[in-house]
Amino acid sequence: HRPLLLSLLLSLSLSHAFSPTSSFLSSSLSSVSKTPALRFKPTNARLPTLAPTMSEKRPEGATPLKFKPVSALVNGFLAASLILGPGLQVFNSPFISAGGDAYAQGATSRKSTRGAPSTDANKDPESVLRLALPIPNGNPIREAQASLEMSLDKALREVRNEKWSKAASLNRKAYTIIASKKNEILKDVPEDRKSAAATILEDIAKDLGDLGTTIENKDQPKIERDKQAALRKIGMVEDLMVAEFPYKIPKEYDNLPQLKGRAIIKMTLKKADPSNKFDVDGKIYDQADFTVVVDGYTAPLTGGNFVELVNKGFYNGMKIQRSDGFVIQTGDPNPDDEDKPHGVVGKDGQLRTVPLEVFALEDQKPTYEVTLEDDGRPLAQPKLPFSVYGTLGMARSEDNPNDASSQWFFLLFDPELTTAGRNLMDGRFSTFGYVTEGNRLLSNIEVGDVITEAKVISGIENLQAPK
């Protein structure tokens with residue numbers, strides 16, 4: 001009866017969306033409140049809420065919500081999938097899924113993920129970050145990367161014995177590109193970095209030779225490790241190709257900190273009660289350690305705001321303020337006091353806010369202050385999608401895309417339910433990084449757990465102070 005039930009749920013969702021007395025979009029986007037009194041108040045939405053917005057009730061005088069048919073349709077499908085789909089899963093592999101030639105740009109992209117099955121969504125944070133680097137799409141290294149990411153993973157997921165010959169062929173293709181097109185790859189690397197890039201390319205060729213042997217031995221766990229090692233070095237070469245920040249940020253945002261590059265954050269959490277430990281699949285941890293990559297190429301204002309606050313120790317000692325299986329959220333310095341500011345206060349004594357910042361795949365720079373839907377592009381895909389477990393996003397009010405300040409969240413939805421291009425998160429919230437290490441520990445973060453330390457361990461030189 002599953003198809004019948006799915007149809008019934010969809011029709012009920014759509015009938016609610018079209019009701020003149022209710023707003024499906026409003027209820028589904030009303031989740032995390034910026035108002036302290038409402039912060040932990042359960043939502044009255046009929047279905048699990050999708051978005052970590054910061055207001056459960058509309059302020060007086062607010063502009064009425066516009067009914068958007070596309071949102072209603074997408075919401076209906078997703079609402080049904082939330083009830084009928086699989087529950088939240090934390091992968092046992094240290095690598096959260098695998099790669100993405102479906103996301104590879106330029107000539108190496110053989111298909112689009114827009115509307116594609118969820119298995120085509122790129123769920124690997126490192127892969128998404130590699131593909132978001134602002135480098136020439138026609139460089140052959142992208143083709144080698146595509147062969148090692150989704151193509152190789154798809155081959156290894158096959159049950160037929162032919163998968164090994166396919167995997168070997170894809171690895172040979174990547175090896176041939178790296179070995180025979182070295183000069184073509186290096187042409188996009190600045191002169192003063194060519195020597196370093198050439199050395200890394202030699203290492204990649206050696207790694208791919210070793211990977212070929214591992215594939216012959218049919219050692220799948222080692223194949224994953226060897227492949228990831230080669231891909232990380234490919235990412236290092238691609239990073240060397242970025243000579244300068246690729247676009248100009250509008251001058252009206254000069255008063256905000258800007259991250260013109262990437263930064264790496266190490267974050268440590270402990271239980272409020274020292275006698276309690278983190279328990280993930282029966283393994284006990286004294287503390288939860290995460291590595292977060294913040295991408296200033298894609299979100300320089302949001303990333304700059306976050307990295308500056310981390311560098312100042314703003315989040316040190318702060319408790320987790322929401323953890324419900326959908327998101328982990330914190331960042332409000334005064335969660336229990338309505339009369340105090342719920343974000344960072346600037347030198348002028350006013351709450352510092354950051355505009356919505358979304359970088360669509362087809363664009364050359366971010367779109368500011370408007371959702372992609374309101375910009376007339378409801379199906380456009382962001383460079384940093386919510387398809388990754390542990391996506392770092394900025395919380396904001398439901399009715400104001402530009403009032404984010406210091407509150408942020410990790411998205412914990414099962415990636416199968418938040419496929420890029422098919423959910424109401426993409427294009428509505430600023431995404432600015434991913435958890436790249438420690439993902440599995442997110443499943444045991446609870447309200448009241450304490451951020452004992454968050455520090456910038458790399459990339460602080462890319463932070464530009466407000467003017």
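The values are calculated or read from the model by the stated rules, or taken from the named source; none is laboratory data. Computed from a prediction, not measured in an experiment: that's the story for all the values here. Please note: Cβ atoms are built from the backbone with ideal geometry, for glycine as well, and neighbour counts cover all protein chains shown. Side chains are part of the model used for accessible areas, which takes the heavy atoms of the whole protein and leaves out ligands, DNA and RNA. Shrake-Rupley method; radii C 1.70, N 1.55, O 1.52, S 1.80 Å.
Side notes on the structure shown:
- For the range 446-455, 3J(HN,Hα) computed residue by residue from phi via the Karplus equation (6.51, -1.76, 1.60; θ = phi - 60°) reads 10, 4, x, 4, 10, 7, 6, 7, 10, 9 Hz, glycine and proline entered as x.
- Volume of the Cα convex hull of the range 264-419, divided per residue and given in Å³: 141 Å³
- Accessible surface of ILE328 - all protein chains present, 1.4 Å probe, nearest 10 Å²: 0 Å²
- Long pairs among LYS154/LYS194; LYS365/LYS467; LYS182/LYS233; LYS163/LYS206, criterion Cα-Cα beyond 25 Å: LYS154/LYS194
- With every protein chain in place, the range 323-467: carbon and sulfur % of accessible area (1.4 Å): 44 percent
- Rg and Dmax, both from the Cα atoms of the range 193-280 and both in Å, are 20.6, 58.
- Relative contact order of the range 115-186: 35 percent, from C-alpha pairs under 8 Å at least 6 residues apart in sequence.
- Over the range 348-412, all Cα pairs binned in 10 Å intervals from 0 give whole-percent P(r) values of 20, 48, 28, 4, listed from short to long.
- Shown in residue order for the range 378-389 are the 3J(HN,Hα) couplings computed by the Karplus curve 6.51 cos²θ - 1.76 cosθ + 1.60 at θ = phi - 60°: x, 9, 5, 9, x, 5, 10, x, 8, 7, 9, 5 Hz (x for Gly and Pro).
- Cβ-based net charge around LYS222, under 13 Å, with every Lys or Arg adding one and every Asp or Glu removing one: -3
- Nonlocal amide H pairs with SER406, under 5 Å, H built at 1.01 Å: VAL344
- Protein-only accessible surface order, largest first, of LYS227, LYS283 at 1.4 Å: LYS283, LYS227
- Solvent exposure ordering (accessible area, 1.4 Å, most first) of TRP408, TRP164: TRP164, TRP408
- The heavy atoms of PHE314 offer some 60 square angstrom of accessible surface to a 1.4 angstrom probe.
- Placed amide H near ARG396: partners under 5 Å, 5+ positions off or other chain: MET54
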